[in-house]
Amino acid sequence: MFLMLSSLALATQLDIQIEPCPTGKGTARVYTKVSANTHGGWDSDLVSYSTEGQYREYAIATCPEDLFTVYGLDMAKISPTDQQLSQIGSKLAEIQRAAGDPDKLEVWDRYLIAGEMYKILEADHRRLYQLYLQASWTARDEAVGVYLGLDGPIQARELLDQGAAELNRSDLSARQRKVLLHNLARVAHRGGFAPERDQHLKAFEQVGTLDKEEAEALKRFRWIVTQVEPKLQRLAMAELQAYLATEPNDPIELTRATYLLADLYRRNGQFEIAIQGYALVAVHPDAPPQLKDLSAWFGSQL
């Protein structure tokens with residue numbers, strides 16, 4: 001069954017508008033989502049996938065002249081003070097010096113620029129953790145693509161167990177084994193099962209000589225999942241911790257943030273701390289049922 005998994009290269013429907021940049025330097029393209037779906041499933045940190053491309057890739061808008069970057073829907077709403085404009089100008093000059101060719105910025109790099117802008121604009125910790133979490137999802141999109149109907153970590157766990165049995169087949173060709181191992185690595189990463197992901201990547205490499213395309217894909221996959229995405233997750237974790245320190249009184253927001261922080265700890269190999277967070281959500285009387293069930297399941301697994 002793994003040999004049949006594939007992603008669909010269709011396009012989420014977008015509307016494009018041109019908005020003036022709040023810094024006074026040029027204009028920016030702003031994309032608005034017209035339609036999409038969630039048929040690509042979801043992951044343990046609550047990201048969902050469209051089979052038609054991910055809107056989060058287009059949600060961030062950048063002004064080409066100075067790299068000012070925020071969510072597109074905020075571009076026309078932002079009115080920085082004179083002091084903020086001065087700070088923004090200084091920060092953007094610093095970013096431009098470090099960025100090199102702006103056309104080569106990855107989408108998550110632009111999210112990082114947006115993070116710096118929102119800090120100057122005094123965004124709260126809730127806004128910032130959501131931004132960095134979304135940035136981490138754009139990196140994951142690049143690494144794993146879309147699997148139809150991969151609905152959460154429990155199903156990912158089941159697919160990985162089935163895949164392990166498939167690997168024991170003696171009739172798999174080298175090509176089939178590579179495809180299977182690559183798919184298993186992708187499923188493991190979406191589920192947040194990093195040790196299995198790395199095991200499958202190593203086995204993929206050991207099947208036989210990799211062609212140039214396979215070697216480059218493996219190198220980029222490893223770079224994204226071991227360096228890029230974890231860095232963005234750590235930024236989200238810091239903002240989640242700061243947000244929870246404000247003691248939010250909305251039980252839904254509180255338990256959601258607690259769950260997300262626990263899941264990010266798990267995804268980064270800090271299992272003991274993750275268990276503590278999952279336990280808090282599992283016993284919280286006002287936690288959403290989905291989060292309670294997931295937390296209880298992870299508690300039993302860890």
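The values are calculated or read from the model by the stated rules, or taken from the named source; none is laboratory data. Values in this document were obtained by computation on a predicted structure and should not be read as measured data. Here the Cβ positions follow ideal geometry from the backbone for every residue, glycine too, while neighbour counts run over all protein chains shown. Protein only, heavy atoms only, side chains kept; ligands, DNA and RNA dropped before computing areas. Shrake-Rupley method; radii C 1.70, N 1.55, O 1.52, S 1.80 Å.
Here the accessible area is traced with a 1.4 Å probe on the protein chains. For the chain, carbon and sulfur cover 51 percent of it. Angle of helix 194-206 to the longest C-alpha principal axis of the chain, folded into 0 to 90 degrees and rounded to 10: 70°. Our compactness index for the chain, the C-alpha radius of gyration over the empirical 2.2 N^0.38 Å, is 1.07. Considering only Arg169, Arg220, Arg56, the mean-square fluctuation computed in a Gaussian network model of the chain, springs between alpha carbons under 10 angstrom, is largest for Arg169. Between Glu247, Glu239, Glu142, the Gaussian network model of the chain with springs among Cα atoms under 10 angstrom shows the greatest mean-square fluctuation at Glu247.
Rounded, prolate or oblate for the stretch 67-121? Axes are the square roots of the Cα gyration tensor eigenvalues, ordered a ≥ b ≥ c, and the cut-off for rounded is a/c under 1.5. In terms of gyration-tensor shape, oblate. How far, in degrees from 0 to 90, does helix 107-120 lean away from the longest principal axis of the Cα atoms of the chain, to the nearest 10? Once rounded, the angle reads 40 degrees.
Pairs exceeding 29 Å between alpha-carbon atoms, taken from Lys104/Lys219; Lys25/Lys219; Lys119/Lys219; Lys91/Lys202; Lys91/Lys212; Lys33/Lys77: Lys25/Lys219; Lys119/Lys219; Lys91/Lys202; Lys91/Lys212.
Taking each residue as 0.36 nm, the span from Gln290 to Lys25 lengthens on full extension beyond its C-alpha to C-alpha distance by 90.9 nm.
Per-residue 3J(HN,Hα) values for the stretch 247-263, derived from phi via the Karplus relation 6.51 cos²θ - 1.76 cosθ + 1.60 with θ = phi - 60°, read 6, x, 8, 7, x, 5, 5, 4, 6, 5, 5, 5, 5, 4, 5, 4, 5 Hz in sequence order (x marks Gly and Pro).
Over the chain, accessible surface divided per residue gives 49 Å², non-protein components excluded, 1.4 Å probe. Near Thr62, the amide H atoms lying under 5 Å from its own belong to Arg29; only residues 5 or more places off or on other chains count, and H is placed 1.01 Å from N.
What does the C-alpha gyration tensor say about the overall shape of the stretch 241-302? Classify as rounded when a/c is under 1.5, otherwise prolate if a/b is larger than b/c, or oblate.
oblate
Counting only Cα atoms, the size of the stretch 84-166 along its three principal axes is 59, 31, 17 Å, in decreasing order.
If the Kirkwood radius is taken over C-alpha pairs of the stretch 32-82, then at 4 °C and 1.567 mPa s the Stokes-Einstein diffusion coefficient equals 99 µm²/s. Just report the Cα centroid separation between the stretch 184-233 and the stretch 46-84, whole Å. What the calculation gives is 29 Å, centre to centre.
Working from Cα pairs under 8 Å separated by at least six residues, relative contact order for the stretch 209-302 is 21 percent.
A helix-only calculation puts the chain at -18500 deg cm²/dmol for mean residue ellipticity at 222 nm, using -39500 (n - 2.57) for each DSSP H run of at least four residues, averaged over all residues.
Return one number: the angle in degrees, 0 to 90 and rounded to the nearest 10, between the long axis of the Cα atoms of helix 125-144 and the longest principal axis of the Cα atoms of the chain. So the inclination is approximately 50 degrees.
Which is farthest toward the positive dipole end of the stretch 121-161 among Ala139, Gln155, Leu128, measuring Cα position about the Cα centre, with Cβ charges +1 (Lys, Arg) and -1 (Asp, Glu)? The residue sitting most towards the positive pole is Leu128.
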